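Written below as structure tokens is the structure these notes are about.
Bear in mind that the values in this text are calculations on the coordinates, not laboratory data. Just so it is clear, the structure is predicted and the values come from calculations on it, not from any experiment. Here the Cβ is made from the backbone with ideal geometry for all residues, glycine too, and neighbour counts use every protein chain on show.
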Amino acid sequence: MGQRRPLHYADGARRVLAGILESTIGPESRLPMLGDWSDPAGMPYNQYTPRTSDFMLDHFRSFARFTGNAAWGTVVARSQAVVNELQASHSAETGLLPDFVVPASGTDHTPRPAPAGFLEGPNDGRYYYNACRTPWRLGADGLLSGDATSLAQARRMAAWSRDSTGGDPRRIRAGYRLDGAPVSGSEYFTTAFAAPLAVAAMTDPSLQAWLDDLYEAVREHPEDYYEDCLALLSLLVLSGNYWAP
């Protein structure tokens with residue numbers, strides 16, 4: 001047998017991250033694209049049509065530290081700018097984000113909720129089974145980095161969730177319009193929505209009682225693959241067993 005070649009994991013990771021940056025991050029928008037199948041200048045999917053749950057800000061910060069590539073910092077800033085615009089213009093009372101985002105026009109890249117049927121179904125422009133991950137994404141980043149923007153964005157959703165349910169986690173519904181009205185067929189409790197909101201609640205000490213109740217509701221409610229994955233990932237943060245990737 002020939003001599004084994006040493007494995008250089010760091011070099012391999014840098015190559016992978018370079019590929020991710022080149023093929024899945026918009027070259028001008030610096031936003032995560034829907035996938036490497038998406039043409040940056042295509043229609044209707046392009047570099048200005050992100051999935052909000054792909055705003056993995058804590059990961060992007062780690063990529064920047066590891067590679068030394070400042071482009072990842074730009075991805076963080078551009079993603080946060082999209083969230084700020086959506087919360088200010090489309091969900092001022094709730095902070096909720098849509099599953100998918102589209103630009104206002106071909107020349108105006110101001111983000112707005114995607115129309116129904118944009119990619120997956122009638123709730124593409126609502127807080128549904130993709131965007132339900134965003135409180136975890138933003139909350140985790142705020143907790144790990146202390147970033148004031150991420151903290152404010154997550155706290156907005158957390159406070160709304162407590163107030164809209166009267167402090168009863170079991171009243172969290174499985175999908176909302178951005179104004180906070182439940183979507184049709186959402187009249188049930190699922191950890192896919194509750195667990196990420198618990199992470200967001202961690203960012204606000206005044207929501208400790210709400211956080212405690214959310215934790216118990218999530219811990220005692222096993223479901224299925226997708227829901228349990230989100231519950232597990234959220235519980236890692238909730239239990240203090242998550243760290244910067």
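Rounded to the nearest 500, the helix-only mean residue ellipticity at 222 nm of the chain stands at -15000 deg cm²/dmol, with each DSSP H run of n ≥ 4 adding -39,500 (n - 2.57). Considering only Phe55, Phe66, Phe118, the mean-square fluctuation computed in a Gaussian network model of the chain, springs between alpha carbons under 10 angstrom, is largest for Phe66.
With R₀ set to 25 Å, the beta-carbon distance separating Glu223 from Arg14 gives a calculated FRET efficiency near 0.10. Each Lys or Arg adds one and each Asp or Glu takes one away; over the other residues whose Cβ falls under 11 Å from the Cβ of Leu138, this sums to +1.
From most to least packed by mean Cβ count within 10 Å, the peptides 107-116, 140-149, 195-204 give 195-204, 140-149, 107-116.
The chymotrypsin sites (Phe, Trp or Tyr not before Pro) of region 181-225 that meet both conditions, a loop assignment by DSSP and at most 13 other Cβ atoms within 10 Å of the site Cβ, are Tyr188. Applying the Karplus relation 6.51 cos²θ - 1.76 cosθ + 1.60 with θ = phi - 60° to region 229-245 yields 3J(HN,Hα) values of 5, 5, 5, 4, 4, 5, 5, 4, 6, 4, 8, x, 10, 10, 9, 4, x Hz, where x marks Gly and Pro.
Taking the radius of gyration and the Kirkwood hydrodynamic radius from Cα positions alone, what is the Rg/Rh ratio for the chain, to two decimal places? Mind dumping the intermediate values first?
Numbers: Rg = 18.5 Å, Rh = 18.5 Å.
In the chain, Rg relative to Rh is 1.00.
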